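**Q** So that we are looking at the same thing, I have put the structure below in structure tokens.
No value in this document is a laboratory result; all are computed from the given coordinates. Given the structure is predicted, the values throughout are model-derived calculations rather than measurements. Positions of Cβ are backbone-derived with ideal geometry, glycine not excepted, and every protein chain shown enters the neighbour counts.
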Amino acid sequence: MTNIWAVILARLPLAALLLACSFAYAETKNSCLDCHSALPDPLGVSQETFSHDIHAQKGLTCASCHGGDPTSDDADKAMSRKAGWKGKIDRAQIPQLCGSCHSDPSFMRTFNPSLRTDQLSQYKTSVHGKRLAAGDTKVAVCTDCHSVHDLRAPSNLASTVNPVNVANTCAHCHADPNYMSAYKIPTNQFADYSQSVHHSALAVRGDLSAPTCTTCHGNHGATPPGVAKVQNVCSNCHTFQAQMYEKSSHKAAFAAASLPGCVVCHSNHGIRHPTDAMLGTGPAAVCMQCHTPGDACDQARAGLQSGLSRLDEAIKGADQVLGVAESSGMEVSEARLGQDQARDSLTKARVTIHSFRTDLVDQDIQVGLKVAAKNLQAGKQAMVERNHRRVGLGISLVAIALVLLGLRLYIKQIES
Ligand code: HEC
Ligand code: HEC
Ligand code: HEC
Ligand code: HEC
Ligand code: HEC
Ligand code: HEC
Ligand code: HEC
Ligand code: HEC
Ligand code: HEC
């Protein structure tokens, strides 16, 4: 208890207010809310709205951020500079205001010891923060991402910064060509992202391990912790592809030409499900942006593509035969299960592609081809067996028919 008091005393002006407010929250007067809940926008803040705010829920009040004297009904007294009322909070001052509590570890610890207190210092390293410091107030400040007066914890599904809502929050500015017209950057990030594998994993399938804007760009800082450049962020999650790529000759060649890694072939925002056509020469091709037809790399490309499609076709061929065998009542479940192993080899080969070495990819292909061939054989054998059974069945049917015919002739003979 004593050190809490020490902390609070050390922050006397704010602490005095907070103390008054937190004791008084439930029963005591909040003249700010009384008046402002009746005022029209933009001055209006309703009781209903503010009750959703994490700050209100933790016992803070209007005066915790705005200053002033919430015990007075007199506008002049309540909103007096003497009582610490700050007046309209300038956009440029917002990060400082939020940081006055959130950058103070000893104060924040009294509420929630596990909450980070580096948001403001991180923010200052971001493009938003740097530009704000240089006087550009169109960039995002704390309240653009978090909202104000109904500000919720990120884990709350209704929070503007909940992973499911982040992309929309960024889109308010980044997808608005008018708002962004003074800047030289594109405004297609949201549209592209909305078409991507990541968006469909996160927003459609609810897979929270898929990235949204802030997973790649960082919440507050320029990039997420542990990532030197945004373009390297892919390796955090796609570790197998990254390990292969690290050892490939592309890694060094791209670095020397200052080309980003993964995004050269996959793009950054509009990432689609990769197909073998990326290795082809058609519209989806990625290799031929750089390599010339007929050179060693083009030959390697053709080899990789044909390897993958050979295995793909072998798997499909075996699937088909096994399917027919199964629907004719033959027992092929073991070979059916074995097909998953062949499919795994294909998946592995598509990861090994990132070595861009035909010999390595070929190892995976050969394993898969062997398995698929074995399963195909099992399917064919089942079909042969089925045919044998059919012939046997045919013969016995003919025999039965002959017996019946004989019987009938015999009966006729007896009758006559
Ligand atoms: C008696 C009613 C009343 C009370 C009590 C009151 N306000 Fe106001 N407040 C107003 C009105 C009316 C305005 C608009 C005044 C103006 O534009 O000059 C206003 C303006 C504001 C503004 C915006 C200033 C601007 O320039 O845009 C803030 C912020 C504010 N009040 C906060 C508070 C806080 C915090 C408290 C409590 C400590 C409080 N108010 C108490 C009526 C009140
Ligand atoms: C967590 C801090 C915080 C709390 C708590 C808070 N506000 Fe605010 N308020 C702000 C900030 C920051 C702005 C400026 C928002 C902006 O410009 O985007 C603001 C803006 C305002 C404005 C001015 C709107 C305008 O556009 O001129 C009024 C009025 C206001 N608040 C009243 C209140 C009242 C009344 C309460 C309590 C019910 C309250 N605030 C609680 C941080 C807070
Ligand atoms: C008067 C001190 C104070 C000010 C000013 C303040 N906050 Fe807070 N904030 C708190 C406290 C205390 C909590 C509750 C922490 C807890 O218990 O989890 C909190 C909680 C939060 C949370 C939820 C954290 C979580 O995950 O639980 C967010 C987000 C947040 N504040 C953002 C802001 C923003 C943005 C501003 C500026 C508009 C701001 N705060 C201004 C004290 C403050
Ligand atoms: C560009 C958007 C953006 C801006 C600007 C921004 N935040 Fe955040 N903030 C986020 C996101 C997104 C999260 C949620 C991360 C998550 O999912 O846990 C977050 C989380 C938080 C949290 C919860 C604890 C944590 O660190 O995860 C606090 C507190 C917070 N922000 C305060 C601030 C303050 C203070 C500022 C201004 C200095 C600010 N934020 C500016 C996007 C932003
Ligand atoms: C209030 C409007 C606004 C919001 C909301 C906003 N931004 Fe920004 N952002 C800007 C502006 C303006 C710039 C400066 C453009 C420039 O760098 O030329 C910028 C710059 C950036 C940059 C640097 C671009 C570059 O290479 O120069 C990134 C990355 C970025 N924002 C990401 C985000 C993300 C992610 C979010 C959502 C979590 C977000 N922003 C929310 C306005 C906003
Ligand atoms: C999978 C990671 C990833 C996701 C998700 C992502 N970005 Fe990016 N973003 C990147 C990379 C990589 C770059 C290129 C950076 C470079 O070249 O240095 C980039 C560039 C940008 C830029 C700079 C301008 C440009 O287009 O090159 C902005 C602004 C931006 N992203 C905003 C967003 C917004 C808004 C979202 C969410 C709708 C988002 N990003 C989602 C990885 C991502
Ligand atoms: C936060 C983790 C994370 C980050 C960062 C990330 N991804 Fe992903 N990625 C995923 C998840 C999860 C999926 C969905 C996997 C699935 O479809 O089951 C995915 C899917 C993909 C796919 C499609 C795979 C398929 O089989 O359809 C590609 C390609 C891809 N990501 C490339 C990238 C690139 C390039 C980057 C960097 C710009 C990147 N990812 C950054 C987690 C991440
Ligand atoms: C030189 C082009 C190129 C680069 C660079 C590249 N990829 Fe790929 N990527 C491909 C091709 C081609 C495929 C496979 C297409 C196919 O046959 O399905 C692929 C497939 C993928 C897949 C899907 C694998 C699967 O299971 O189907 C993911 C995920 C992926 N890449 C991530 C990455 C990551 C992460 C990086 C950076 C470390 C990266 N890629 C770099 C060309 C590239
Ligand atoms: C952005 C340009 C670019 C793209 C796209 C690209 N490459 Fe390359 N590739 C290079 C460069 C540059 C080298 C290094 C050449 C050297 O070392 O002589 C290289 C090297 C190679 C090598 C190795 C040659 C060796 O001797 O080690 C192979 C194989 C290769 N690329 C195949 C591919 C395939 C397959 C694709 C498509 C999936 C592809 N490349 C896409 C630029 C590219």
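**Q** Only sites in a loop by DSSP and with at most 16 other Cβ atoms within 10 Å count here; which GluC sites (Glu not before Pro) in the stretch 249-352 make the cut? Mind dumping the intermediate values first?
**A** On the way: sites: GLU313, GLU326, GLU331, GLU334; in loops: GLU331.
Those satisfying the criteria are GLU331.
**Q** Taking the chain as a Gaussian network, Cα atoms linked when under 10 Å apart, which of PRO225, PRO186, PRO42 shows the biggest mean-square fluctuation?
**A** PRO42
**Q** Only helices at least 30 Å long along their own axis, judged from Cα atoms, and with Kyte-Doolittle mean hydropathy of 1.0 or greater: name those in the chain from DSSP H. It would help to have the intermediate numbers written out before the result.
**A** Details: long enough: 296-327 (46 Å, -0.11); 358-415 (82 Å, 0.33).
Span-like helices in the chain: none at all.
**Q** Largest first and in whole Å, what are the equivalent-ellipsoid semi-axes of the stretch 296-380 based on the Cα gyration tensor, each being the root of 5 times an eigenvalue? All intermediate terms of the calculation are to be shown ahead of the outcome.
**A** Numbers: eigenvalues 162, 24, 13 Å².
Working from the Cα gyration tensor, I get semi-axes of 28, 11, 8 Å.
**Q** Which of the peptides 350-358, 105-113, 291-299 is most tightly packed, and how do the rest follow, going by the mean number of other Cβ atoms within 10 Å of each residue? Could you put the intermediate results ahead of the total?
**A** Values: 350-358: 19.9, 105-113: 13.3, 291-299: 11.7.
The packing order, highest mean first, is 350-358, 105-113, 291-299.
**Q** Turning to a different aspect of this structure: Just order 241-249, 69-77 by mean Cβ neighbour count inside 10 Å, highest at the front, would you? Working shown, then result.
**A** Details: 241-249: 16.1, 69-77: 14.3.
In decreasing order of mean packing, 241-249, 69-77 become 241-249, 69-77.
**Q** Would you mind telling me which residue in LEU337, LEU157, LEU259 has the biggest mean-square fluctuation in a Gaussian network model of the chain, where springs connect alpha carbons within a distance under 10 angstrom?
**A** LEU337
**Q** Cross-link list LYS82/LYS138; LYS229/LYS251; LYS348/LYS374; LYS88/LYS130; LYS86/LYS124: which exceed 27 angstrom alpha carbon to alpha carbon? Mind showing how you got there, number by number?
**A** Details: LYS82/LYS138 32 Å; LYS229/LYS251 15 Å; LYS348/LYS374 19 Å; LYS88/LYS130 23 Å; LYS86/LYS124 23 Å.
From the list (LYS82/LYS138; LYS229/LYS251; LYS348/LYS374; LYS88/LYS130; LYS86/LYS124), the Cα-Cα distance tops 27 Å for LYS82/LYS138.
**Q** Moving on to the next point. Which whole-number percentage describes the relative contact order of the chain, with Cα contacts under 8 Å and a sequence gap of 6 or more?
**A** Numbers: 438 pairs, mean separation 36.6, N = 416.
For the chain, the relative contact order is 9 percent.
**Q** From the helices alone, meaning DSSP H stretches of at least four residues, give me the mean residue ellipticity at 222 nm for the chain, per-run term -39500 (n - 2.57), in deg cm²/dmol to the nearest 500. Can you show the working numbers first?
**A** On the way: 21 runs with 229 residues, N = 416.
Per the formula, -16500 deg cm²/dmol.
**Q** Starting from the Kirkwood Rh over alpha-carbon pairs, what translational D in µm² s⁻¹ does the chain have by Stokes-Einstein at 37 °C and 0.692 mPa s? Write down the numbers at each step before the final one.
**A** On the way: Rh = 28.0 Å.
The diffusion coefficient I find is 117 µm²/s.
**Q** Of SER333, SER309, SER31, which is the most mobile in a GNM of the chain whose springs link Cα atoms less than 10 angstrom apart?
**A** Residue with maximal mean-square fluctuation among SER333, SER309, SER31: SER333.
**Q** Which order do ILE271, ILE54 fall in if you start with the one that has the fewest other Cβ atoms within 10 Å?
**A** Details: ILE271 20, ILE54 15.
Ranked by crowding around the Cβ, least crowded first: ILE54, ILE271.
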